[in-house]
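Colleague: Take a look at this one; I'll ask things after.
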Amino acid sequence: MHASPAADLSHWKAEGARPILYPGYDLLLVHDGQHISMIANIQAQSCKDAILSDPANSSPMSEADKDLIDGLVAHTGEKATAIARRAGLTPSTLTRPQNNPVKHRLSTPTLEKLQSAVPDYPGWSSYVAAKPRSNAKVLAFEGDNLDQPEENLPVWGSGLGAERMFEGEAVEQTDLNTGAQLDYVRRPAILKGKKGAYALHVQGSSMHPALPEGELVVACRDMPLSMGDNVVVYLRDGDQDDGERARAVLVKELVRRSASYVELRQYDPRIDFRVAMSEVLRIDRILTRREMVS
């Protein structure tokens, strides 16, 4: 691959080469049939517009994306914006590639959501057939290990559970279903390489205002615990956890821990209570907001 410091489109077109601009990046690749030349720092908007407006640079898959959206609109009788909302996408996800297929492409996650939303669309098979086969090979660049990608974290299903009595106090519980993955969220940097991390939505108001109802929190097992940490305490219920059903947990603040008990706190109503360690399966730490964005 050859590199050039500037973009001289007239030169490349005179040589019969085809420029390909990668939207969103100041990067231009020019293929002349024998070599691929890379031109970086394409700052002039007129240069980008000239490339994007050239019909010769419209890829078959860009047109296939537009045809797919048009086909879904015809099949459902709905506008592209309505189909996007049905699939859980923002309206512009479909309107941009529909209006400018050269510049905007449909991503694989977007296509998966569309196919789930409109599974009976007969054009799916022809769209898949239109996708070009890839002979690309994975190159070992410096950085994260390509063999162990940093996957997103599952968001487990949760609901407000029945109150449970501890030391004569009725304490709010959460039902957590580790077999129901509702969504996925970005893995915070602090959890790189760590197993046993997940996310859940806070249920109930017992931890307000520290953890308001509905807030998405990330927790991880086998992390060091300190007094004052917010935690997810897994309670024993006499059965083996099969990972496919709801189980009771306590989302509380850790006050104290000993060999025989763990002392927890909730805020609304304010209650400090102890749970015997014989009733505790494990304790996972909830990340702070600072750790979430680090």
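The values are calculated or read from the model by the stated rules, or taken from the named source; none is laboratory data. Quantities reported herein were computed from a predicted structural model and do not represent experimental measurements. Cβ atoms come from the backbone with ideal geometry, glycine included; neighbour counts cover every protein chain shown. Note: accessible area is taken over every heavy atom of the protein model, side chains too, but ligands, DNA and RNA are not part of it. Shrake-Rupley method; radii C 1.70, N 1.55, O 1.52, S 1.80 Å.
Colleague: Test R187 against the stated conditions and say whether it is in contact with an Asp or Glu (Cβ under 6 Å, 6 or more places away or on another chain) and at pLDDT 80 or above.
Modeller: Numbers: in contact with an Asp or Glu (Cβ under 6 Å, 6 or more places away or on another chain): yes; at pLDDT 80 or above: yes.
Judged against the criteria, R187 is a match.
Colleague: When segment 276-290 is examined, which residues are found to be over 15 Å from L211 (Cα atoms) and in a helix (DSSP H, G or I)? Show your work before the answer.
Modeller: Taking segment 276-290 as the starting set, the residues that turn out to be over 15 Å from L211 (Cα atoms) are 276-284.
Correct list: M277, S278, E279.
Colleague: Further question: Which one is most open to solvent (accessible area, probe 1.4 Å) among residues in segment 268-294 that are of a type outside the set (D, E) and closer than 13 Å to E169 by Cα?
Modeller: Our first condition is that a residue be of a type outside the set (D, E); within segment 268-294, this holds for 269-271, 273-278, 280-283, 285-290, 292-294.
From what is left, the residues that are closer than 13 Å to E169 by Cα are 269-271, 273-275.
On the way: P269: 78, R270: 153, I271: 15, F273: 1, R274: 101, V275: 1 Å².
Restricting to residues being of a type outside the set (D, E) and closer than 13 Å to E169 by Cα, the top hit is R270.
Colleague: Here's a follow-up. Applying the selection to segment 185-201, what residues are within 24 Å of G161 (Cβ to Cβ) and either free of Cβ contacts under 8 Å to residues at least 24 places away in the same chain or open to solvent by 10 Å² or more (accessible area, probe 1.4 Å) (or both)? I'd like the intermediate steps shown before the answer.
Modeller: So the first thing to find is which residues in segment 185-201 are within 24 Å of G161 (Cβ to Cβ), and the list is 185, 196-201.
Correct list: V185, G196, A197, H201.
Colleague: Find the helices (runs of 4 or more DSSP H) located wholly in segment 44-130 whose residues include 3 or more that are surrounded by 13 or more Cβ atoms within 10 Å (Cβ to Cβ) and at pLDDT 85 or above, and list them.
Modeller: Working: elements: 45-52, 60-76, 80-86, 92-99, 108-117, 124-130.
Helices (runs of 4 or more DSSP H) meeting the threshold: 60-76, 80-86, 108-117.
Colleague: Filter segment 251-265 down to residues that are modelled with pLDDT under 95 and open to solvent by less than 50 Å² (accessible area, probe 1.4 Å), then give me how many there are.
Modeller: 1
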